[in-house]
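The values are calculated or read from the model by the stated rules, or taken from the named source; none is laboratory data. These numbers come from a predicted model, not from an experiment. Here the Cβ is made from the backbone with ideal geometry for all residues, glycine too, and neighbour counts use every protein chain on show. All accessible areas refer to the heavy atoms of the entire protein, side chains included, with ligands and DNA or RNA removed. Shrake-Rupley method; radii C 1.70, N 1.55, O 1.52, S 1.80 Å.
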Amino acid sequence: MKTQVGIIGGGPAGLLLSQILHINGIDSVILERQSRDYVLARIRAGVLEQGLTDMLRAAGVGERLDKEGMVHGGVNLTFDNRIERIDLEGLTEGKMVTVYGQTEVTRDLYDARDAADGKIVHEADDVRPYDVETEAPYLTYKKNGEALRIDCDFIAACDGFHGIGRQSFPAGVSTEYEKVYQFGWLGILSRTKPANHELIYGNHERGFVLCSMRSSTLSRYYVQVPTDERLEDWSDERFWEEVSQRLPSDVAAEIEQGPSIEKSIAPLRSYVTEPLSFGRLFLAGDAGHIVPPTGAKGLNLAASDVHYLSKGLIAQYRDGDESGLKTYSERALRRIWKAERFSWWMTMLMHSFPADGAFGHKVQQAELDYLTSSKAAMTAMAENYVGLPY
Ligand code: APR
Ligand code: PHB
């Protein structure tokens, strides 16, 4: 088989890249290790920056998003038994975020690729990129035990944190930067009305809490837990009790409790590998970087990578202009590091760090008090939360 761009990974990054390339007359094939049902069963964050919603609309996948997405002009912070709202819209000249599950974004992208007869190979085993430093790279993979090959001009590795793309860089080329946090997020999905019409990020001595949502009848909650916590030890009752204790009492009183539909624990990590390209192999999305979920930047960063990479590929095919691809890594990394900084900052501000003792907690309270009373500080947070420009 032959294609112009071979894409490893059919998560949001790979699908969005493939769809944008298609709209610009560039052919691609996606090789995805899992089945479609498996990919669509993954529950991930769902706060979309305006840059991403604009991209989805331009890619022809904005219809359901515009109908079902919940546009939020603000976000709430709780601390010291208070709730304070950050007016995202007012502080950023009208920018907002849209709450719409990543699973739904992925589903819409699959539907769009299907409608355009896009080629996606699911359950592609043992995918490997070769000859990426030449002008004729190719991918090999196995499907139902048969060994297959795709010749392409370029390879985009959109294969997530555990993907093969990053591992295919030759030894000595990459520098990795990592911070692992000593806690995770225990999350549940429940068929209950959201605690508030906007999100609530809570700082409390017992640990961080987040009240989020998927729709007016579906809520998503998270609490900070130690990394070694066992899911079996968390009954729904214990979870709701913990959420309530970590919120101001008037906020807790508004929470509708109900059985969990899904419950899971995710570790928190900050990670970046540099550079994001080697020869004709390009990393995009979680393949190149991870942010902790505080601030919901993961999916949005995958989208900004796809923006830079697709622009580079389009300029290459349309005008023979190599500059966008040559500078892809550098341009994408500048934005990635700013989102890494913001996600790290919000994580450090909102979580409990027992090793820092009561002093650490007092400093967090002071910072939150300052943040929510200074227009300059709130504006800095709002600008980052709604998404820095591409
Ligand atoms: N071969 C083929 N496919 C692979 C391989 C491989 N060796 N390794 C991983 N994959 C697939 C995974 O099964 C997954 O479907 O690549 C896809 C990567 O998707 P994501 O992990 O969703 O990453 P990405 O598309 O970059 O999306 C970033 O999703 O992971 C969240 O927090 C992240 O919200 C962010 C967003
Ligand atoms: C979510 O709804 O899953 C969510 C929202 C905001 C975050 C992280 C996760 O910062």
Restricting attention to the alpha-carbon atoms of the stretch 120-203, what are Rg (one decimal) and Dmax (integer), both in Å? 20.3, 55
If you average the sequence gap of Cα pairs under 8 Å that are 6 or more apart and divide by the length of the chain, what percent do you get for the contact order? 20 percent
Dipole size in debye (nearest 20) for the stretch 1-139 around its Cα centre, Lys and Arg Cβ +1, Asp and Glu Cβ -1? 200 debye
Got the relative contact order for the stretch 1-143 handy, in percent, Cα pairs under 8 Å and 6 or more residues apart? 29 percent
Please state the charge dipole magnitude for the stretch 230-290, taken about the Cα centre, from unit charges on C-beta atoms (+1 on K and R, -1 on D and E), reported in debye and rounded to the nearest 20. 540 debye
Quick one: Cα centre-to-centre distance for the stretch 138-200 and the stretch 225-303, in angstrom? 15 Å
Would you kindly work out the equivalent ellipsoid of the stretch 200-336 from its C-alpha gyration tensor and give its semi-axes, the square roots of five times the eigenvalues, largest first in whole Å? 41, 15, 13
With everything on Cα atoms, drop me the angle between helix 102-115 and the longest principal axis of the chain, reported from 0 to 90° to the nearest 10. 30 degrees
When ligands, DNA and RNA are left out and all protein chains stay put, how many square angstrom of accessible area per residue does the chain have with a 1.4 Å probe? 44 Å²
Output the relative contact order of the stretch 142-253, whole-number percent, from Cα pairs under 8 angstrom with separation of 6+ residues. 21 percent
Go through the stretch 170-180 residue by residue and turn each phi into a ³J(HN,Hα) via Karplus (6.51, -1.76, 1.60, θ = phi - 60°); whole Hz please, and just put x for glycine and proline. x, 4, x, 7, 9, 10, 10, 10, 8, 9, 9
For helix 375-386, what angle does its Cα long axis make with the longest principal axis of the chain, in degrees from 0 to 90 and rounded to 10? 40 degrees
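So which chymotrypsin sites (Phe, Trp or Tyr not before Pro) in the stretch 156-233 are both in a DSSP loop and have at most 15 other Cβ atoms within 10 Å of their Cβ?
Phe161
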Can you tell me the alpha carbon radius of gyration of the chain divided by the globular rule-of-thumb value 2.2 N^0.38 Å? 1.00
Take the cross-link list Lys263/Lys326; Lys67/Lys179; Lys2/Lys338; Lys297/Lys375; Lys326/Lys375; Lys297/Lys326 and give me the ones stretching past 32 Å between alpha-carbons. Lys263/Lys326; Lys67/Lys179; Lys2/Lys338; Lys326/Lys375
Just want the answer: with Cβ charges of +1 for Lys and Arg and -1 for Asp and Glu, which residue in Val5, Leu109, Ala287 is farthest toward the dipole's positive end in the chain? Val5
Tell me, what HN-Hα J-couplings in whole Hz come from the Karplus equation 6.51 cos²θ - 1.76 cosθ + 1.60 at θ = phi - 60° for each residue of the stretch 254-261, using x for Gly and Pro? 7, 7, 8, 8, x, x, 7, 9
Helix 298-319 sits at what angle to the longest principal axis of the chain, using alpha carbons and giving 0 to 90 degrees rounded to 10? 30 degrees
Across the stretch 175-273, what fraction of all alpha-carbon pairs, as a whole percent, falls in each successive 10 Å bin from zero upward? 15, 47, 27, 9, 1
Carbon and sulfur: what percent of the chain's accessible surface (1.4 Å probe)? 49 percent
Hey, got a sec? Which trypsin sites (Lys or Arg not before Pro) in the stretch 215-314 land in a DSSP loop and have at most 10 other Cβ atoms within 10 Å? Arg230
Quick check on the chain: helices-only [θ] at 222 nm, where DSSP H runs of length 4 and up contribute -39,500 (n - 2.57) each and the sum goes over total residues. Nearest 500, please. -11000 deg cm²/dmol
Residue-by-residue Karplus 3J(HN,Hα) for the stretch 221-234, coefficients 6.51, -1.76, 1.60, Hz, glycine and proline x: 10, 9, 10, 5, 9, x, 4, 8, 5, 9, 4, 4, 7, 10
